[in-house]
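Just below is one structure, and these are the notes that go with it.
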Amino acid sequence: MKGYTWRISLIFIFIIASCVYLTPTLVDTLPKWWSGLLPKDKIHLGLDLQGGTHLVMEVETQKAVEGSLDLIATDLEDSLTAQNLRFKKIGRLGGDKVQLTLYDRGSADKVQALVKKKYPDLEALPVFDEGGFVNMQLRINEKEAQVRKDRAVAQALETIRNRIDQFGVSEPVIQREGMNNIVVQLPGIKDPKRAIELIGKTARLEFKLVDETVNAATATVGSIPEDDELLSEKRTDPQTGAVSETPLVVKKKAIITGELLTDAQIRIDSQYNQPYVAIEFNSTGARLFDQVTAANVGKRFAIVLDNNIYSAPVIRERISGGSAQISGSFTEKEAADLAIVLRAGSLPAPVKILQNVTVGPSLGRDSIHKGLMAGLIGVLLVVSFMAMYYKLSGMVANLGMVLNILFLMGALSALGATLTLPGIAAIVLLVGMSVDSNVLIFERIREELRLGKTPHAALDAGYDKAFLTIMDSHVTALITAAVLFQFGTGPVKGFAVSLSLGIIINLFTSLVATKVLFDAFLDRVHVKRLSV
Amino acid sequence: MELLKKTNIDFIGMRKISFLASGLMAIIGLIGIIAIARGTANMGIDFSGGTEMQIKFAQPATTQSIRDALAKSGIKEAELQEITGGNQVLVKMHKSTGKSADQVAEALKAGIPGNTFTVESSTEIGPSIGEKLKQDTLVAVALSMLGIILYIAWRFDFKFGVGAVVATMHDVLAMIAVFYVMHREVNILFITAVLTIAGYSLTDTVVVFDRIRENMHKSIKDPMIVIFNKSINETLSRTIITSVTTFLAAVSLFLFGGEVIHDFAFALVVGVVVATYSSIFVASPIVALWEQHAVETKVEAV
């Protein structure tokens, strides 16, 4: 009893576990009895192998802060008007302030009290006189701004997740990365361009009244009233694809925004066979819409999405009931996507695409095929070299190498790690490196044999003396692999995962697995000469 | 079978030639690093920012016709590279051009009518990502070097640690030198290959160092250079064999692994050769000379 039964059992347990974990990957359809605790996931393939789109997006969080300051300004306008406090102007100033211009100090005191009650988080700067008016500034402090930025990213993440879910992508990855970035992975996506447009759209829906007193055709940004803005309506001719732009002057202040929507669905107009998006307001929205349409019959309102006018219909009658429709010159797909973004809600701030990597499915298949091919040839070359050079012992090393790969694949599958093309390269490289430990041991054994030791003594001495060297060399290799893991993204991370797992597993196969084979063999068979 | 019988080569004695060759490599490598820092080397778009597309045509298309089609749509600064097999071409544009993958596809559709194509892959990277990657890479390289010095210094002693790091730096510089001279692309995969080889080279070096340490304990009286030479010769067979097996694996990746990892595999092949060389001709001679010097000064002091 040399105590190698437990080692052999361990090896067999590992072999069985690896095979169990690899079954879902290797078998197309799992048998019926394959259930319960048995693993069902295939090895995760990186986007470079299965095709798909990898996006890194930056949420322009500063815009979110500015947006919330704009909201505060609007809200203050309403509150002051409601309390009969006269003011000249209220608006956002720069990226962190709201400025109120008042007529006298008296009302300034009242306003100050009101602001303090309503917005305790805002810092009120000292009041100062300028050009006969009293100026009051409210500043959002760093910490509060940071909270808003943080919330904006979290909200954007949620909205993007919603949109992707409704768009229908299997196994998407949507993650926050660092302070402002969001990473989106869409495996196997067919129409990446459409998906990117859908995800990246801010989708800020606003209903704004058209200012008919200004002639839009001759208006310039400078010539229009201060509370108006110049937008344009884009129309694409479905036959020619030509885009025409019609300028329109609208009120800056939106009467209704997309936040008041409860639903948006695509419908087809039966008369013209044109797609449109039917929207439903919530109760607040419905009441507002009712009031606004009642007060403005005969006027036009513009339906504005991300500062582009979709359509500007004339209000023919009061619309109650809380439903409306957005029509425009869009295709069915565009209308469907618009309905999705309206349902999922708008992004709290615009997003910018920093990185967009798209791999087609055929390239991915090609990469897998070539990677496996290279691996197979590499294995064959190494196996025949080892068999030639170390004969039977070489075959033991080869067995160790095969176990190494089997365990590595099993571990990748069990840990749910992602296999990328560089990851495959790491495995192929490990084929060459994994025999290294055995080469070290064999060379030692040869030396000990030359000194005249018996096969078994030489074997033990070889393993013993090589042990520290193998440990040292593995630890140093592991240091770099760990650093790569820490800093790498995507494919490189896949490489680091395969490499570090392989190095650890290699320690086991070379020090335990091959040794036990020799031990078991030498114990049973009396050998005069070691085939090394 | 045995490739090498008992050898007795004076490796340390060859240091004049090897140091000269290595020094030259290192200088070219340093020039390469300066070129990389200044962005004048052949940088991958993951560092420089920009757009890269792999396009597969239905029928053969010459690079000239593609270049003309792109130029017609105002895309003039695209680098084109033919990919062997299957009418494929790689289009690369750096951030300065500011053209998107969609624009390239439109230009090709308009400029080469009658030859349909599919976009096999497209990558668009903003400049800020590239900057962050550059910083991360520097930190990664610095951290792994530090980790290595500390580990070797702990397991052996400081002189060995320095020797190992000099040898590893030498390998890194040599790989950069080869890529720089051959004008191959420096991208994140190249850096990955460099760090992998750094780990591999160290494995090689550690094995030789281990033997040196063992022999230093065994024969205290022998001069350092003799001990070092003996150790290198004793481990030579193993060094060569491991290099051969790893080399075989890397070469098969290079030849059969496909276009995506072609340069990566090439870097590995170069790295394996350089790493083997450096563990014999760079790491040990440095430590040997240093130890020798230390012994001599000690003798003089007595």
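Coordinate-derived values only; no laboratory data. In this text the structure is predicted, and so the values were computed from the model without any measurement. When we count neighbours, we look across all protein chains shown, and the Cβ atoms used for this are built from the backbone with ideal geometry, even at glycine.
Between 0 and 90 degrees, the angle of helix A:61-82 with respect to the longest Cα principal axis of chain A falls at about 30 degrees.
At each listed q (0.18, 0.19 Å⁻¹), what is the log10 of I(q)/I(0) that the Debye formula gives for segment B:75-186 modelled as equal alpha-carbon point scatterers? Debye curve over Cα of segment B:75-186, log10 I(q)/I(0) at q = 0.18, 0.19 Å⁻¹: -1.03, -1.09. Placing unit charges on the Cβ atoms of the charged side chains and taking the dipole of segment A:62-145 about its Cα centre, the candidate lying farthest along the positive direction among A:L71, A:V98, A:V115 is A:V115.
For chain A, the 222 nm mean residue ellipticity estimated from helices alone, with every DSSP H stretch of n ≥ 4 adding -39500 (n - 2.57) and the total spread over all residues, rounds to -17500 deg cm²/dmol.
When the pairs B:K76/B:K109; A:K253/A:K299; A:K515/B:K230 are compared against a 22 Å limit on Cα-Cα distance, A:K515/B:K230 fall above it. Counting every C-alpha pair in segment A:62-145, the share spaced more than 20 angstrom apart comes to 26%. FRET efficiency for the pair A:A17 and A:L372, taken as 1/(1 + (r/R0)^6) with r the Cβ-Cβ distance and R0 = 22 Å, rounds to 0.45. Backbone phi angles across segment B:257-263, fed through the Karplus curve with coefficients 6.51, -1.76 and 1.60 (θ = phi - 60°), yield HN-Hα couplings of x, x, 5, 4, 10, 4, 5 Hz in residue order; Gly and Pro are listed as x. The charge dipole of chain A, taken about the Cα centre with unit charges on the Cβ atoms of Lys, Arg (+1) and Asp, Glu (-1), comes to about 1600 debye, rounded to the nearest 20. Each of B:H170, A:H456, B:H94, B:H293 has some number of other Cβ atoms within 10 Å of its Cβ, and from fewest to most they run B:H293, A:H456, B:H94, B:H170.
Stretching A:T101 away from A:N308 to a fully extended chain increases their span by 71.4 nm, per 0.36 nm per residue minus the current alpha-carbon distance.
The phi-based Karplus calculation (6.51 cos²θ - 1.76 cosθ + 1.60; θ = phi - 60°) puts the 3J(HN,Hα) values of segment A:226-235 at 5, 8, 10, 9, 9, 10, 9, 9, 9, 10 Hz, whole numbers, x for Gly and Pro.
Relative to the longest principal axis of the Cα atoms of chain A, helix A:142-167 runs at roughly 70 degrees. Each of A:V402, A:V115 was scored by other Cβ atoms within 10 Å of its Cβ. Listed from fewest to most, they are A:V402, A:V115. Each helix, a run of at least 4 DSSP H residues, gives -39500 (n - 2.57); summed and divided by the residues of chain B, these come to -23000 deg cm²/dmol at 222 nm. Helix A:421-450 and the long axis of chain A differ in direction by around 20°, with both axes built from C-alpha atoms.
Across the alpha-carbon set of the protein assembly as shown, the Rg to Rh ratio works out to 1.09, Rh being the Kirkwood radius. In order along segment B:9-25, the phi-based Karplus estimate (6.51 cos²θ - 1.76 cosθ + 1.60, θ = phi - 60°) of 3J(HN,Hα) comes to 9, 8, 5, 4, x, 8, 4, 4, 5, 5, 5, 5, 4, 5, x, 4, 4 Hz; Gly and Pro are listed as x. Between the beta carbons of A:A294 and B:A110, assuming R0 = 60 Å, the FRET efficiency works out to 0.70 to the nearest 0.05. For A:A457 and B:F158, a Förster radius of 45 Å and the Cβ-Cβ distance give a FRET efficiency of 0.80, rounded to the nearest 0.05. Pairs of Lys residues in segment A:1-108, spaced 8 or more positions apart or belonging to different chains, with C-alpha separations under 25 angstrom: 6 in total. Exposure proxy shown here: for B:M175, B:M53, B:M14, the number of other Cβ atoms within 10 Å sets the order, fewest to most, as B:M14, B:M53, B:M175.
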